[in-house]
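What follows is a short report on a single structure.
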Amino acid sequence: MSKIAWFSQRKATSFSYPNKRLQRKQFFNDFVLSLCAFFSMHANGAEPDKDYRVQTLATELRSPWSMVELPGGIWLITERDGHVVIAQGAEQSRVNLGLDGLYVAGQGGLLDIVLSPDFHTTNDVIFTYAQGEQKANRLVVVKARFNGSGFSQPEIVYQVATDKGTPQHYAGRALILPNNTLMLSSGDGFDYREQAQVISSQLGKVLRINLDGSIPKDNPFMAHQHPAAHAVFSLGHRNPQGLVYDYDTKQIVSHEHGPAGGDELNYLHAGTNYGWPVITHGKDYSQARISPFTDYEGMQKPTVDWTPSIAPSGMAYYGTQQTAFPSLQKHVLITTLVDRKLYAVDLANGTFTRSHVFPEIAGRLRDVWITQAGNIAVLTDGDGAKLQLITPRR
């Protein structure tokens with residue numbers, strides 16, 4: 001019997017080992033993984049120069065999710081209730097996007113924001129949001145034009161083809177690649193995790209589309225008979241909310257939430273299966289075992305595993321072209337919701353050393369952005385959130 005067929009038969013979330021020796025072995029392996037995560041997370045290999053300052057760019061934000069910086073020091077910040085905050089200097093305004101069928105519940109609402117690659121000529125901005133109702137909702141990509149004080153009526157570019165009946169695990173992160181295609185992370189919907197392994201479902205996937213919503217002809221599953229598979233770039237994901245491009249090595253990097261344990265960082269490759277929910281180091285929140293497997297032929301193990309969970313949210317790549325904090329070059333910066341810290345992961349040293357950086361930045365952290373000069377903006381989470389900017393004093 002194939003592994004996926006076996007897993008489908010074991011849809012219940014708890015597994016038991018056939019003998020005590022295997023139970024003790026698994027407990028020991030989990031204990032070692034937890035120790036490794038603890039010690040590596042407290043390494044200081046990327047500790048930046050301590051001579052820096054933190055300034056506040058925006059305040060009293062309402063459950064913000066992401067942000068971008070425009071020329072002239074203008075910041076656009078999404079709030080899950082469908083508003084965008086426009087912040088510049090001491091000025092701050094809030095505009096409603098007027099999103100069609102916006103569904104604000106659980107983790108749903110207005111999510112990511114990215115600038116169109118031709119923003120300098122079109123002023124086009126791309127958003128992701130949850131659309132629908134409790135019984136049937138989905139992730140949607142829209143485009144709107146920024147006029148300096150507001151936006152044109154958003155135009156739908158793409159809708160995730162698979163509806164779900166839960167307000168959780170949208171993922172919702174967007175990334176524009178150098179070839180001007182758009183990557184979109186689509187979560188497993190929480191109660192639909194088996195669909196992460198079903199190629200005809202767009203839940204638990206990273207999708208790749210053109211900016212007009214059409215499908216790139218070189219996507220890995222274009223020959224599949226089901227049209228929903230044509231947009232799939234990779235599968236076997238749970239709730240990936242970090243998606244960046246490493247311009248130095250020309251690779252796509254993602255991270256995703258595990259359940260209780262099993263948060264992951266991965267390098268994404270076309271057509272690759274990243275294993276969820278068949279392979280994982282995590283357990284259900286009840287501590288029931290999701291799967292006895294942590295590796296299996298044909299499924300990619302994570303490059304980094306966080307057990308216990310840190311709940312990674314946003315992520316940004318600090319490239320060699322950024323010079324404000326040289327020790328952070330070739331690192332990804334990751335905001336966390338459970339650990340309430342900003343971490344740096346070294347992508348260049350081969351061991352993916354993880355460091356807690358800028359300890360003054362604390363609390364539930366939602367997203368991170370690197371400015372052209374290499375300064376670091378961090379967005380906090382929840383009601384009364386704020387946007388902060390870290391700059392070197394020199």
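The values are calculated or read from the model by the stated rules, or taken from the named source; none is laboratory data. The shown structure was predicted, so the numbers you read here are calculated from the model rather than taken from an experiment. Counting neighbours? That spans all protein chains shown, and the Cβs are built from the backbone with ideal geometry, glycine included. For the accessible areas, the whole protein counts, side chains as well, though only heavy atoms, and no ligand, DNA or RNA atoms are used. Shrake-Rupley method; radii C 1.70, N 1.55, O 1.52, S 1.80 Å.
Distance between the modelled labels on R393 and I199, one decimal in nanometres: 5.8 nm (7 Å Cα→Cβ projection). Volume of the convex hull of the chain (Cα atoms only), normalised per residue: 137 Å³. The label-point distance for I176 and V95, in a model that sets each label 7 Å from Cα toward Cβ, rounds to 1.7 nm.
Using a cut-off of 10 Å between beta-carbons, work out the net charge of the residues near V338 (Lys and Arg +1, Asp and Glu -1, V338 not included). Local charge sum for V338: +1.
Can you tally the lysine pairs in region 242-394 where the Cα-Cα distance is under 29 Å and the two residues are eight or more apart, or on different chains? Summing the qualifying lysine pairs gives 10.
Close amide H contacts of L111 (hydrogens built in the peptide plane, cut-off under 5 Å, sequence separation of 5 or more or a different chain): T128, Y129, A130. Subtracting the Cα-Cα distance of A260 and H226 from their residue separation scaled by 0.36 nm leaves 8.9 nm.
Of the Cα atoms belonging to region 70-178, the radius of gyration and Dmax stand at 14.0, 43 Å. Rolling a 1.4 Å probe across the protein heavy atoms gives the chain an accessible surface of 42 Å² per residue.
Can you list the aspartates and glutamates whose alpha carbon sits under 20 Å from that of K50, skipping same-chain ones fewer than 8 residues off? The reachable aspartates and glutamates, counting only those whose Cα sits under 20 Å from K50, are D346, E360. Distance between the C-alpha centres of region 215-236 and region 99-154: 24 Å, rounded to the whole angstrom. Distance between the 7 Å Cα→Cβ label points at D248 and Y267: 1.4 nm. With the highest mean first, a sort of the peptides 198-208, 349-359 on other beta-carbon atoms found within 10 angstrom per residue produces 198-208, 349-359.
When the Cα positions of V160, L111, A311 are compared along the charge dipole of the chain, A311 comes out farthest toward the positive end, with charges on each C-beta of Lys, Arg, Asp and Glu.
Spatial offset of region 356-394 relative to region 268-328 amounts to 23 Å, using the alpha carbon center of each.
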